[in-house]
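Notes to accompany the following structure.
The values are calculated or read from the model by the stated rules, or taken from the named source; none is laboratory data. Worth saying up front: this structure is predicted, and the values here are computed from it rather than measured. Here Cβ is always computed from backbone atoms with ideal geometry, including for glycine, and neighbour counts include all displayed protein chains. Protein only, heavy atoms only, side chains kept; ligands, DNA and RNA dropped before computing areas. Shrake-Rupley method; radii C 1.70, N 1.55, O 1.52, S 1.80 Å.
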Amino acid sequence: MRKGFALVSVLILLAVLMSFLTAYFFLTLTEIRTTSSSARQTTGFYAAEAGLNLRAEEIRQKFLGYNRPQGTSPQSNAPCQGTNQGSGDFACKTYTISGRTVRTYVREAEGNPHNITIPPGELYEYLEAQEYRYHLYSEAVGPDGRTEALLELVFKSRLVPMFQFAAFYNKDLEILPGPNMTLNGRVHTNKDLYLSSGNTLTIMGQVSTAGKLYRGRKDTNSCGGTVNIQRQAGDLAPLACGSGGTRKSYTQSEVAGWGGRIQVGVDPVTVPEPEELDPTPGKTYWDKADLRIGLDLSGPTPSVKAYRVSSGQTLVDPVSTATLFVCNAVGYTLGDFHNNREGKDIKMLEVDLGKVLDCIHNNRTAFGFALDDDTEGGLVFFLTVFGPNSSGINDYGVRVKGGASLISTVSGAPKPRGLTLVSDQAVYIQGDFNRDGPDWIPAAVLADSINILSNAWSRDTLSREPLSRRQASNTEVNAAFLAGTDTTGNQEGEGGRDRGAYNGGLENYPRFHEDWSGKTLTYRGSFVSLGKPRKVNGPWCGTGTGCGTAGRGIYNPPIRQWSFDSRFAQGQLPPLSPRFVYLRQERFLREFERR
């Protein structure tokens, strides 16, 4: 009887244990399946998110060079299935990411574009911009054919004209003026920012850098002078050097006292490549220019020609060419001007802007446009040199003169809405340019490098005489500048620090060739630099007679009466002003219902 009871007890116990084991087995199996499913979904989520990022970057890149995304989105019902693929930049596109098939497509919001003022509290607050809004969809499908993640990103693509900054660099920006200097606008660089001074440097606008902020020099571990930056409250506060007059790096927390007026380590923005200035069909400025003039050195005899673009080809425009010569508006010189910094005799295209403007007004039919053309916000002239060395380091240049007033002298001629001069070569501005007053118009010069010759420059033989014979006179230039600038240490970032000679800094952005001692260069505009010059390589080597060809010296600096032209921040921008692009996320959704 006892044995029978014991047996029953054992059987019951075994049954209970078996039930526990079975429950444990199913629980473990469920957990494994749940973990596996969670892992698959996590992998699918990140794959779908990567697809969103890829398509968003493609949209951003489309905006460079004044393009915008084009095409049609797939229909909302069963997108990216069968023939429902859409077209162009909005079409379905498939990626393979982490073993997942990721399908993406784009839908444009209605009402694009919107002209906005960037709201207060954002990095580029109060700047004018064009804003485009998009919905981006991404679906990750696993190896078993099941959807693992379905995501939607709503984002804004903003295009911000760079000429709204006193200085905007896509490279290290160094500011080290000897005399007092005040910058009354914003300063931004996509790399590192170095601030120092021989006396006092004052910055009245917001300061932002995507790299590091240094109080001091890049070429040596030293720091001097006073650097004041305006705070949120409107007062000025100094940015101190390191101990013993050494260079000091500032973090964002260390500049919190400026109330957001100094931003360190911000996201870099996307800017056009310098190649956008090339005289090639498909490049923005060449394609959109109203007038294209080139000095042709490819044949046995140099000649100046006007060009047009047709069906993706550059062709000589014989009518415009002949008309410009009748107007005596263009010409060339071969080596008369010696650039002591480059150590070269310069072959120059010569353009008299005043005569060109008169010529256009008197011969509108020949040129095909009027002075008050507003297709791109005003007139765009492309000036270049075609020769064996056009694409590399060379001895070419473009000189513009007669530009003290950028309006026609012909009675009744309309006033241009603006003028942008573009060149892939070095540009030399001789004499006053776009003097302030009732004749002022929004103007810009975009070039490989920019040189200033004063009103006193009377003959090119001066370039071969000692610096003491090249006396400058007071000169005024009102135009935004975009040009290449040298790089200290020949390398951006930390790799170029404490190496090589100083690049001359923002204060030597325009290149000089005269003794400006005691004379004033009045400048109102904006300084933009996207990289190093591609056509000249003569380094900045200081002032006086210590450098330059045959010891003749290059220049002595002017009294710099420089300021940001605040009219650029009030909507009066030059035609085809270059823009940077950045994205701003508005909404991110996971596992949404398709509409």
(request) Sort 292-299, 76-83, 209-216 for me by packing, meaning the mean count of neighbouring Cβ atoms within 10 Å per residue, highest on top. (result) 209-216, 292-299, 76-83
(message) For the pair R587/Q232, report the inter-label distance in nm, with labels modelled 7 Å from Cα in the Cβ direction.
(response) 3.0
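Enter the per residue convex hull volume of the stretch 417-489, computed from alpha-carbon coordinates, in Å³ rounded to the nearest integer. All intermediate terms of the calculation are to be shown ahead of the outcome.
Details: hull volume 9.5 nm³, N = 73.
Cα convex hull per residue, to the nearest whole number: 130 Å³.
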(message) How large is the direction-averaged shadow of the alpha-carbon convex hull of the chain, in nm²?
(response) 40.2
(request) Could you state the accessible area per residue of the stretch 230-294 in Å², with a 1.4 Å probe and every protein chain left in place? (result) 45
(request) Please identify which residues in the stretch 162-200 have an amide N closer than 19 Å to a label point set 7 Å out from the Cα of R499, following the Cα→Cβ vector. (result) 171-174, 191-194
(message) Would you report the distance distribution of C-alpha pairs in the stretch 137-188 as whole percents per 5 angstrom bin, up to the bin with the largest distance?
(response) 4, 12, 13, 12, 8, 6, 7, 8, 8, 8, 6, 4, 2, 1, 0
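Taking the Kirkwood radius as the inverse of the mean 1/r across Cα pairs, report the Rg/Rh of the stretch 525-572. Before the final figure, lay out the partial values.
Working: Rg = 15.9 Å, Rh = 14.1 Å.
Here Rg/Rh amounts to 1.13.
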(message) What figure, in Å² to the nearest 10, do you get for the accessible area of D287 with a 1.4 Å probe and non-protein molecules left out?
(response) 60
(request) Could you work out the Rg to Rh ratio of the stretch 506-552, with Rh taken as the Kirkwood radius (inverse of the mean 1/r over all Cα pairs)? (result) 0.98
(message) In Å and on Cα atoms, what radius of gyration and Dmax does the stretch 384-465 show?
(response) 14.8, 44
(request) Please sort by residue number the GluC sites (Glu not before Pro) in the stretch 543-595 whose DSSP state is loop and whose Cβ has at most 16 other Cβ atoms within 10 Å. (result) E591, E593
(request) Starting from the Cα of A370, step 7 Å along the direction of its Cβ; do the same at C541; then give the gap between the two resulting points in nm. (result) 5.3
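Compute the semi-axes of the equivalent ellipsoid of the stretch 329-458, taking the square root of 5 times each eigenvalue of the Cα gyration tensor, and list them largest first in whole Å. Could the numbers behind the result be given before it?
Working: eigenvalues 143, 51, 34 Å².
Those come to 27, 16, 13 Å.
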(message) With a 1.4 Å probe and all protein chains left in place, how much of the accessible area of the stretch 266-346 comes from carbon and sulfur atoms, in whole percent?
(response) 50
(message) Principal axis extents for the stretch 308-395, Cα atoms only, whole Å, descending order, please.
(response) 42, 30, 26
(message) Over 10 Å intervals from 0, what percent of Cα-Cα pairs in the stretch 167-312 sits in each interval?
(response) 11, 32, 21, 13, 16, 7, 1
(message) Can I get the semi-axes of the stretch 201-255's equivalent ellipsoid? Compute them from the C-alpha gyration tensor as square roots of 5 times the eigenvalues, in angstrom, largest first.
(response) 19, 13, 10
(message) Can you give the log10 of the normalised intensity I(q)/I(0) at q = 0.10, 0.14 Å⁻¹, computed with Debye over equal Cα scatterers of the stretch 79-205?
(response) -0.57, -0.80
(request) Taking every pair of Cα atoms in the stretch 47-112, average 1/r, invert it to obtain the Kirkwood radius, and report Rg/Rh to two decimals. (result) 0.98
(message) Testing the spin-label approximation: label points 7 Å from Cα along Cα→Cβ at Q75 and H114. State their distance in nm.
(response) 3.0
(message) Show me the three semi-axes of the equivalent ellipsoid for the stretch 187-230, from the C-alpha gyration tensor (sqrt of 5 times each eigenvalue), largest first, rounded to whole Å.
(response) 17, 15, 6
(message) Using only the Cα atoms of the stretch 346-402, what are the Rg and Dmax in Å?
(response) 14.1, 38
(message) Calculate log10 I(q)/I(0) of the stretch 428-573 for q = 0.14 Å⁻¹, where I(q) comes from the Debye formula with a single equal point scatterer on each Cα and nothing for solvent.
(response) -0.72
(request) Provide the packing ranking of 242-253, 143-154, i.e. peptides ordered by the mean count of other C-beta atoms within 10 Å per residue, highest first. (result) 143-154, 242-253
(message) Using DSSP to call loops (not H, G, I, E or B), can you name the chymotrypsin sites (Phe, Trp or Tyr not before Pro) in the stretch 534-595 whose Cβ has at most 13 other Cβ atoms within 10 angstrom?
(response) F592
